[in-house]
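To start, the structure under review is shown below, and the notes come after it.
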Amino acid sequence: MEGIAAYMERPVSNTESGTEETEQKEVYDVVMIGAGPAGLAAAAAAKEEGAGRVLVIDRDSAGGGILQQCIHPGFGLTYYREELTGPEYAGRFLTKAADEQAEFLLNTMVLEINPAKRTLLCSSQEHGMMQIQAKAIVLAMGCRERTRANIRIPGTRPSGIYTAGAAQRLINRQNIMPGKKAVILGSGDIGMIMARRMTLEGAEVTAVVEIMDYLAGLTRNRVQCLDDFGIPLLLSHTVTKIVGNRRIEGVWVSQVDEKREPISGTERYYPCDTLLLSVGLIPENELSRTAGVETDPVTGGPVVDQHMQTSAEGIFACGNVVHVNDLADNVSLESERAGRAAARYAAGKLCRGLRERADGQIPCIAGENIRYICPQRIAAPAGDEDVSVYFRVSRPDRDVRIIARLNGEIIASRREMRVNPGEMLSLLLPGSRIAAGELTICVMKE
Amino acid sequence: MQEKRITCIVCPRGCEITVIGEGKEIHSIQGQQCRRGEDYAGEEFICPSRILTSTVLVHNEGRKILMPVRSNRPIPREQMRPCMEEIKKAQVQGEIHRYDVLIPNICQTGADMIAAADMDWM
Ligand SMILES: Cc1cc2nc3c(=O)[nH]c(=O)nc-3n(C[C@H](O)[C@H](O)[C@H](O)COP(=O)(O)OP(=O)(O)OC[C@H]3O[C@@H](n4cnc5c(N)ncnc54)[C@H](O)[C@@H]3O)c2cc1C
Ligand code: SF4
């Protein structure tokens with residue numbers, strides 16, 4: 001383990017000269033922006049694929065990304081076939097990346113990417129401004145939470161309103177309880193996990209309120225976070241008003257109709273000193289925009305091909321910055337693909353970005369009951385390499401068949417007992433059947 | 001005879017399993033898609049247990065670190081609150097590595113609370 005600390009503390013910028021010159025650059029084969037599960041898995045995979053110097057940059061003081069505060073179990077079920085907590089899962093990938101001799105630059109914020117030169121402009125308290133030169137870049141900045149401003153709840157503007165992730169950080173990393181009596185708006189996984197966490201820490205959670213008529217998060221989280229503690233889940237309900245001047249005193253909750261409009265006469269008042277918002281995540285793409293990569297309006301993340309290469313040549317992306325994942329395991333798998341491809345690109349063994357070969361691309365089109373597909377495009381010819389595609393449905397359904405068609409012909413399909421917008425699905429497309437044309441994925445009733 | 005509908009939480013698929021039995025006797029388990037689900041449903045019928053996670057304050061060389069901890073095996077659901085009380089009171093000194101035991105045999109459940117992270121990384 002000694003080796004790990006050494007890598008993490010190794011100063012990476014060129015400071016021997018002692019000047020603030022930003023022209024002197026460190027050169028790396030592959031640079032990951034973000035040391036969450038995405039950046040870590042990509043770094044280890046890039047090394048395994050033969051990349052020379054590999055660097056992981058993060059603005060946080062420690063690696064692991066959001067998983068540092070996800071102390072609950074539920075990670076690694078598919079990747080390791082055992083149930084781990086977030087810190088354990090992140091720890092395994094940190095060890096793996098460090099064992100592979102990836103270098104770390106922490107407490108450092110990436111401010112800008114120059115896509116033509118493939119340079120990164122970074123700033124840190126220790127080293128000031130610096131430039132880093134990369135042959136390939138992997139975007140792994142994760143996502144951030146939607147806030148009250150994004151969903152516009154009427155009422156006063158008191159304190160005591162937090163996003164669920166902010167409350168999770170307060171409790172699990174700073175040892176601060178946000179309140180004693182909470183209502184949670186939104187049935188996403190983080191909200192449900194916080195309902196259990198606050199209850200175990202002695203607070204009372206009076207309700208989890210969800211505007212849709214189905215659960216936003218995973219069923220297993222409803223069972224072990226809400227049902228276990230008798231916390232009521234109110235589907236087709238929303239918070240219509242916030243009450244309180246300095247501190248929140250309560251919220252009004254109403255049932256909603258099919259158009260998600262509150263039904264008058266159904267209002268109920270819930271006293272509380274805390275309101276947690278678990279109303280969705282948005283990929284963190286300010287930086288991607290500086291690099292000029294094309295983004296998908298549905299996912300909010302960069303458009304990628306099966307190698308996770310974006311529309312900007314040599315710039316790859318993986319994890320929550322591409323599309324919001326419910327499982328870190330999927331992030332790890334996708335990021336390993338990105339890391340391997342970035343290493344191959346750095347070595348001159350992978351063809352160029354999406355934009356440059358618009359002719360040889362297969363667009364992935366969302367058919368019946370599909371909200372989005374990732375990758376959005378498949379770079380052809382894919383050779384005989386099988387291609388995994390990931391997607392989400394728009395609405396829940398049962399007893400269905402998932403069908404992938406290339407130019408109208410079925411190339412892969414699978415039965416599924418239950419599909420849910422909260423749970424990502426995948427399908428393996430046999431490489432031998434991928435050819436030029438148009439791919440459509442749909443979900444049909446069996 | 002008692003019939004219990006159980007949503008399997010072993011993996012994200014979330015199968016709905018029906019268990020029929022009486023006390024500690026199980027007569028039938030239906031609806032699971034794998035062996036792990038069958039084992040889980042049986043245990044869930046007899047004594048629902050969960051992995052418990054929380055944090056423990058660790059003091060080391062003048063540094064205070066909030067260490068994530070987990071039980072190394074599932075704890076019966078009704079024992080969760082007494083265990084939380086015990087965890088809240090705990091304070092640990094020294095350098096802690098992943099999987100070090102911080103609270104052995106918590107509340108006589110047979111489970112140990114172990115460190116989920118490594119101080120070197122925090
Ligand atoms: C609260 C919560 C609970 C979850 N629970 C589960 C669960 O139970 N089971 C499960 O499997 N999955 C769970 N997930 C999902 C899983 O944790 C995520 O899918 C996964 O962490 C995404 O990894 P990532 O590396 O893409 O992003 P992150 O983990 O968010 O990492 C992104 C990193 O990039 C850094 N960064 C961003 N911008 C910059 C910049 N400009 N410069 C430098 N650094 C930057 C950030 O500091 C951060 O460390 C949960 C997610 C959340 C948010
Ligand atoms: S029965 Fe098996 S497949 Fe179904 S949820 Fe449980 S572990 Fe998963």
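Structure summary
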read-out: Centre separation in Å (Cα based) which lies between segment A:24-52 and segment A:180-235; value: 37 Å
read-out: Given charges at Cβ of Lys, Arg, Asp, Glu: segment A:371-446 dipole, positive-most of A:I441, A:V393, A:I410; value: A:V393
read-out: Amide hydrogen neighbours beyond the local backbone of A:H72, cut-off 5 Å, H modeled; value: A:G86
read-out: Listing of segment A:220-255 residues, each with accessible area lower by at least 20 Å² in the full protein assembly than in the chain alone (probe 1.4 Å); value: A:R220, A:V223, A:Q224, A:D228, A:F229
read-out: Hypothetical label at A:R59: residues of segment A:125-139 whose amide nitrogen lies under 18 Å (7 Å Cα-Cβ projection); value: A:125-132, A:138-139
read-out: Inter-part distance where segment A:299-336 and segment A:388-422 are each reduced to a Cα centre, Å; value: 20 Å
read-out: Lys, Arg +1 and Asp, Glu -1 on Cβ, resulting dipole of segment A:357-446 about Cα centre, debye, nearest 20; value: 300 debye
read-out: Residue-by-residue Karplus 3J(HN,Hα) for segment A:182-188, coefficients 6.51, -1.76, 1.60, Hz, glycine and proline x; value: 10, 10, 10, 9, x, 9, x
read-out: Residues losing 50 Å² or more accessible surface upon assembly, segment A:68-114, compared with the chain by itself, 1.4 Å; value: A:I71, A:L77, A:E88
read-out: Computed over segment B:53-115, Kirkwood Rh from alpha-carbon pairs, angstrom; value: 11.8 Å
read-out: Total charge dipole magnitude, the protein assembly as shown, about the Cα centre, Cβ charges on Lys, Arg, Asp, Glu only, Debye to nearest 20; value: 1120 debye
read-out: Per residue, in Å², the accessible surface of chain B once ligands and nucleic acids are set aside, probe 1.4 Å; value: 52 Å²
read-out: Solvent exposure of segment A:147-279 as accessible area per residue, Å², 1.4 Å probe; value: 43 Å²
read-out: Whole-percent carbon and sulfur share, accessible surface of segment A:83-131, 1.4 Å; value: 44 percent
read-out: Built amide H within the under 5 Å cut-off of A:I378, gap 5+; value: A:I362, A:C364
read-out: Chain A: angle of helix A:37-48 to the longest principal axis, Cα-based, in degrees nearest 10; value: 20 degrees
read-out: Share of carbon and sulfur in the accessible heavy-atom surface of chain B [1.4 Å probe, %]; value: 45 percent
read-out: Alpha carbon centroid spacing (whole Å) that separates segment A:253-273 from segment B:1-26; value: 34 Å
read-out: A:N175-A:R398 FRET efficiency (beta carbon distance; Förster radius 45 Å; 0.05 resolution); value: 0.55
read-out: Among A:V54, A:Y89, A:M192 the positive-end extreme of the charge dipole of the protein assembly as shown (Cβ point charges); value: A:M192
read-out: q = 0.26 Å⁻¹: log10 I(q)/I(0) that the Debye formula gives for segment A:395-446, counting C-alpha atoms only; value: -1.00
read-out: Buried area at the B-A interface (accessible, heavy atoms, 1.4 Å probe, summed, Å²); value: 3200 Å²
read-out: Rg ratio (alpha-carbon, reference 2.2 N^0.38 Å) - chain B; value: 1.32
read-out: Cα-based Rg / Dmax (Å) for segment A:357-446; value: 12.6, 39
read-out: Estimated distance in nm for a label pair at B:H27 and A:E438, the labels positioned 7 Å out from Cα along Cα-to-Cβ; value: 5.7 nm
read-out: Accessible-area composition of segment A:147-279, carbon plus sulfur, in percent [1.4 Å probe]; value: 49 percent
read-out: Interface residues, segment A:164-186 - accessible area loss of 20 Å² or more versus chain alone, probe 1.4 Å; value: A:N172, A:N175
read-out: Förster radius 30 Å - calculated FRET efficiency between B:N72 and A:R418, Cβ distance, rounded to 0.05; value: 0.40
read-out: Percentage relative contact order, chain B, counting C-alpha pairs under 8 Å, at least six apart; value: 18 percent
read-out: Hull volume in cubic angstrom per residue (convex hull over the Cα atoms of the protein assembly as shown); value: 169 Å³
read-out: Beta bridges by DSSP in the protein assembly as shown, antiparallel share as percent, to the nearest 5; value: 70 percent
read-out: The protein assembly as shown - mean residue ellipticity at 222 nm from DSSP helices (-39,500 (n - 2.57) per run, n ≥ 4, rounded to 500); value: -5500 deg cm²/dmol
read-out: Degrees separating the helix A:86-99 axis from the principal Cα axis of chain A, which is the longest one; value: 10 degrees
read-out: Virtual spin-label span in nm between A:I263 and A:N107, 7 Å along Cα→Cβ; value: 5.7 nm
read-out: For segment A:201-322, projected area of the alpha-carbon convex hull averaged over all directions, nm²; value: 11.3 nm²
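The values are calculated or read from the model by the stated rules, or taken from the named source; none is laboratory data. The shown structure was predicted, so the numbers you read here are calculated from the model rather than taken from an experiment. Counting neighbours? That spans all protein chains shown, and the Cβs are built from the backbone with ideal geometry, glycine included. Heads up: the accessible areas ignore ligands, DNA and RNA and are worked out on the full protein's heavy atoms, side chains in. Shrake-Rupley method; radii C 1.70, N 1.55, O 1.52, S 1.80 Å.
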